[in-house]
1. Exactly one condition in (1) in a helix (DSSP H, G or I); (2) farther than 21 Å from residue 57 by Cβ is false for residue 128; which is it?
2. Conditions first: (1) buried (at least 18 other Cβ atoms within 10 Å of the Cβ); (2) without any contact (Cβ under 8 Å) to a residue 12 or more places away in the chain. Residue 71 passes all but one, so which condition is the exception?
3. What are the residue pairs meeting all of these: first residue in the stretch 76-99, first residue on the phi > 0 side of the Ramachandran plot and of a type in the set (Gly, Ala, Ser), second residue at pLDDT 90 or above and crowded, with 19+ Cβ neighbours inside 10 Å, Cβ atoms under 9 Å, and 6 or more apart or on different chains?
4. Could you list all residues from the stretch 138-158 that are closer than 20 Å to residue 88 by Cβ, surrounded by 20 or more Cβ atoms within 10 Å (Cβ to Cβ) and β-branched (Val, Ile, Thr)?
5. Only one of 39, 48 is among the polar types (S, T, N, Q) and assigned to a helix (DSSP H, G or I); which?
6. For the stretch 1-42, what are the residues that are over 18 Å from residue 90 (Cα atoms), at pLDDT below 80 and either surrounded by 12 or more Cβ atoms within 10 Å (Cβ to Cβ) or of a type in the set (Ser, Thr, Tyr) (or both)?
7. I'd like to verify a number: residues in the stretch 137-180 that are under 21 Å from residue 77 (Cα atoms), assigned to a helix (DSSP H, G or I) and small (Gly, Ala, Ser), how many?
Amino acid sequence: MPDMKTDGASCNTARLEMFSDSVMAVAITMMVLRIDVPQTSPGQSLGQAFMQTTLPAIIYFLVTFAVIVIFWINHHDLFMRLPEFIPIRAFWLNMGFLAMICLVPFGLEFFNTQSDSYITVSLYAGLMALAALFIGAIAWQVTGRWPAWTIISIIMFLLAIPFAALLGGWCLLVWGINHPVQRMWNARHPDADANI
């Protein structure tokens, strides 16, 4: 049960951040548990099995791990700037963000099985875009401003979908330009998110 003020209209920010940290840690743990050891088929060496199935799964895990770590950093930075109590609507938006993070292990496993499918890419990229949307909505709910980094993130996550036809599962590497684009934006607009 969230720590509410007596009027029931707000939630304790510190407790919500602790809960969020725990959920993200569990989601990351669940992702690594979904990487299977290589299984050889007749006429296939262990090295071939590793290169064909396990190595791509490890790479997808590492990309997703990096994205969740960036989400965690941005979430932490946002919560450090929030007041002690936030509106209950922001609490529910945070729960929506955490729901997307909890679905990431499923999305990753689904993506691992068919990384060249538009459905799996769309689902996986959509989960990440929705997580960025929810975290941006939290900032907007509390501060009245939408952080530019969330808009950049949503665009970068959704860019993976059209690139799936060209790059297959490697389309997730498009997400790698997210952080450099955010840094360039911040360098040109240093005060854009200063009050968030």
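The values are calculated or read from the model by the stated rules, or taken from the named source; none is laboratory data. Just so it is clear, the model here is predicted, and its values are computed rather than measured. Note that each Cβ is placed from the backbone with ideal geometry, even for glycine, and that neighbours are counted across all protein chains shown.
1. Exception for residue 128: condition (2).
2. Failing condition for residue 71: (2).
3. Close Cβ pairs satisfying both conditions: none exist.
4. Across the stretch 138-158, the qualifying residues are 138, 142.
5. The match here is 48.
6. Of everything in the stretch 1-42, those that are over 18 Å from residue 90 (Cα atoms), at pLDDT below 80 and either surrounded by 12 or more Cβ atoms within 10 Å (Cβ to Cβ) or of a type in the set (Ser, Thr, Tyr) (or both) turn out to be 34, 35.
7. Residues in the stretch 137-180 being under 21 Å from residue 77 (Cα atoms), assigned to a helix (DSSP H, G or I) and small (Gly, Ala, Ser): 5 in total.
Listed here are the residues, each with its yes/no results for (1) at pLDDT 85 or above; (2) buried (at least 20 other Cβ atoms within 10 Å of the Cβ); (3) assigned to a helix (DSSP H, G or I).
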site: 66; (1), (2), (3): no, no, yes
site: 75; (1), (2), (3): yes, yes, yes
site: 89; (1), (2), (3): yes, no, yes
site: 103; (1), (2), (3): yes, no, yes
site: 121; (1), (2), (3): no, yes, yes
